[in-house]
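Read through the structure below, which is laid out as structure tokens, and then see the notes.
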Amino acid sequence: MSEASNAPAPHERRGWWSARTPGARLARHTLGLIALAVVLVPFADLAIHTRDPWMELGRMLRGMVWPAWGSLESPFTALGLTIAIALWGTLAGVVLGFPLALLFARSRLVRAACAFIRAIHELFWALLFMQVFGLSALTALLALAIPYAGIFAKVYAEILEQTPAAPRDALPPRCGRLSRFFYSELPLAFAQLVAYTRYRFECGLRASVLLGFIGLPTLGFHLETAFREGRYPEAGALLWLFYLLIASLPWWGHKRLIPLLLVGGAWLLGPWPSVDGALLWRFVSQDIWPAALLAGDWAGLDQWATRLPDLGAAVGNTLLLGLLGTVGALLVALALWPLACRHFGNRGTRLASHGVMIMLRSTPELMLAFIFLLLLGPSLLPAWLALALHNGALIAFLVARHADAVTPGMPGLSATGRYAYELLPRVYPGLLALLYYRAEVILRETAILGMLGVATLGYYIEEGFDYLMFDVAFFLLLITALLNILVDALSRRLRPREVPFEDSCIR
């Protein structure tokens with residue numbers, strides 16, 4: 001890339017914050033978001049409820065530095081099951097999502113259905129299916145396959161839409177949708193489709209670990225048990241095992257090994273549960289719906305509504321935590337991306353920063369929140385820290401990679417000047433776009449953090465399943481899905497139209 005092509009745009013040369021520049025609009029977005037968070041933060045419960053969090057943090061850090069590898073009992077079985085669930089769940093999502101991707105642009109019904117199923121987190125799907133299939137592999141696979149089908153349909157459709165139109169236009173007018181796909185779109189988009197599928201499989205590994213938090217015997221089950229019982233050296237060994245699993249994915253996840261992994265994973269997933277069709281039909285047609293609604297007793301719905309929690313507080317906490325998590329991710333990304341960029345620091349500091357970012361973005365928010373919960377006690381603070389650090393590190397990693405490709409055009413600036421006047425104006429539109437892309441994901445994660453005792457919608461959803469109030473839990477799931485759809489629509493309107501770097505890996 002030439003130096004001329006990297007020269008600042010005219011509006012950047014006359015001042016990024018000038019009132020008539022696109023940067024001013026982005027600045028107003030940012031300041032408005034931060035101002036809203038500052039106004040609302042007094043309403044958030046951010047208290048620390050433990051006596052000595054520093055002592056507990058020291059014990060955790062010692063467990064990470066000196067992990068007890070010898071205390072692990074059959075870790076490879078849990079590791080294998082984690083991989084098997086992620087692999088088969090992702091494959092099932094591809095099989096279900098690909099046909100939907102071909103109809104996505106043409107059918108409003110398909111788009112609405114995909115938006116709904118991907119708006120509900122994998123853990124909530126698992127809680128739903130667990131009522132019928134128990135703690136089985138089928139529950140785990142369906143929990144991944146269904147939301148991933150909606151995600152694959154949306155992302156695959158966007159990738160296919162971005163292929164050049166000339167090959168499609170060259171086909172005879174009578175060619176159908178499948179012919180256009182196989183002869184013009186698939187050859188051009190294949191590399192991108194494969195790359196995104198590999199990324200989604202990595203997400204599936206993290207989701208598979210999280211399924212252990214509801215009792216499935218994946219790596220997350222042993223992690224939660226070790227942390228909850230204070231066996232930090234064992235928990236440290238399990239965490240390092242998880243990081244090694246993610247870091248070594250390019251080697252053990254090579255395409256030539258996929259058939260072998262599929263066969264071995266199918267063996268680990270068994271035995272399969274027997275499916276009681278009558279029980280399944282009763283759950284779908286009766287248990288998740290209010291009895292008064294099925295009976296047409298509209299007056300009885302008022303009595304049923306008294307079983308609902310305070311929706312105002314639950315929805316308010318969910319949205320407030322989502323807002324704080326989004327703003328926190330923005331601040332973390334702004335602070336971290338220069339540490340991993342080639343224009344700042346030295347090789348040692350950049351490698352260390354990359355390592356920290358990889359650990360933060362590889363650790364699921366629920367796991368980070370659980371660790372902070374043990375340190376700080378039950379409040380919104382552990383959840384806020386987890387959302388900000390995980391998502392901020394992910395965004396910072398992508399922004400730093402983009403900034404590495406930029407050649408500065410103003411020599412002689414100090415590091416602070418280079419950051420504020422040259423690099424930040426050129427990467428900030430993309431950073432903000434990534435943040436708005438992540439907003440939907442942050443809200444999804446905000447809901448499930450309620451399973452740790454935070455008073456979001458997820459807290460009451462899990463409570464509904466625990467007390468067999470399936471109709472209440474399902475109604476709250478519908479509220480959660482609706483909130484996610486609305487936030488996704490709002491973020492699409494706010495984010496910059498042109499993103500200067502790839503964004504598919506943040507969905």
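Descriptive notes on the structure:
- Those residues of region 111-145 whose amide nitrogen sits under 20 Å from the label point placed on Ser285, 7 Å along Cα→Cβ: 129, 131-133
- Computed lengthening from Ala420 to Val275, 0.36 nm per intervening residue step minus Cα-Cα distance: 46.2 nm
- Residues Ser71 and Leu135, FRET efficiency given R0 of 25 Å [Cβ-Cβ distance, rounded to 0.05]: 0.55
- Computed over protein heavy atoms with a 1.4 Å probe, the carbon and sulfur contribution to the accessible area of the chain reaches 66%.
- Between Ile48 and Leu308, the simple spin-label model (points 7 angstrom out along Cα→Cβ) gives 3.8 nm.
- Global geometry of region 161-224, whether rounded, prolate or oblate, following the gyration tensor of its Cα atoms and the 1.5 cut on a/c: prolate
- Peptides 64-74, 145-155 ranked from most to least packed by the mean count of surrounding Cβ atoms within 10 Å: 145-155, 64-74.
- Accessible area (Å², 1.4 Å probe, nearest 10) - Ile117: 40 Å²
- Considering only alpha-carbon pairs that sit under 8 angstrom and 6 or more positions apart, the relative contact order computed for region 288-507 is 25 percent.
- Ellipticity at 222 nm from helices only: DSSP H runs of n ≥ 4 in the chain, each -39500 (n - 2.57), divided by the residue count, give -22500 deg cm²/dmol.
- The length gained by stretching the chain between Trp251 and Ala191 to full extension, at 0.36 nm per residue less their Cα-Cα distance, is 19.8 nm.
- Solvent-accessible heavy-atom area per residue, rounded to whole Å², over region 74-279 at 1.4 Å: 45 Å²
- Label-to-label distance, Tyr467 versus Arg59, with points set 7 angstrom from Cα along the beta-carbon direction: 3.2 nm.
- Here the 3J(HN,Hα) profile of region 276-290, calculated from phi with Karplus coefficients 6.51, -1.76 and 1.60 at θ = phi - 60°, is 8, x, 5, 5, 4, 5, 5, 5, 6, 9, 10, 5, 8, 10, x Hz, Gly and Pro shown as x.
- Over the chain, relative contact order from alpha-carbon pairs under 8 Å, at least 6 apart, %: 21 percent
- Packing rank of 93-100, 107-114, where each peptide gets the mean count of other beta carbons within 10 Å, highest leading: 93-100, 107-114
The values are calculated or read from the model by the stated rules, or taken from the named source; none is laboratory data. Fair warning: this is a prediction, and the values are worked out from it, not measured in the lab. Here the Cβ is made from the backbone with ideal geometry for all residues, glycine too, and neighbour counts use every protein chain on show. The accessibility values were calculated without ligands, DNA or RNA, using every heavy atom of the protein model including side chains. Shrake-Rupley method; radii C 1.70, N 1.55, O 1.52, S 1.80 Å.
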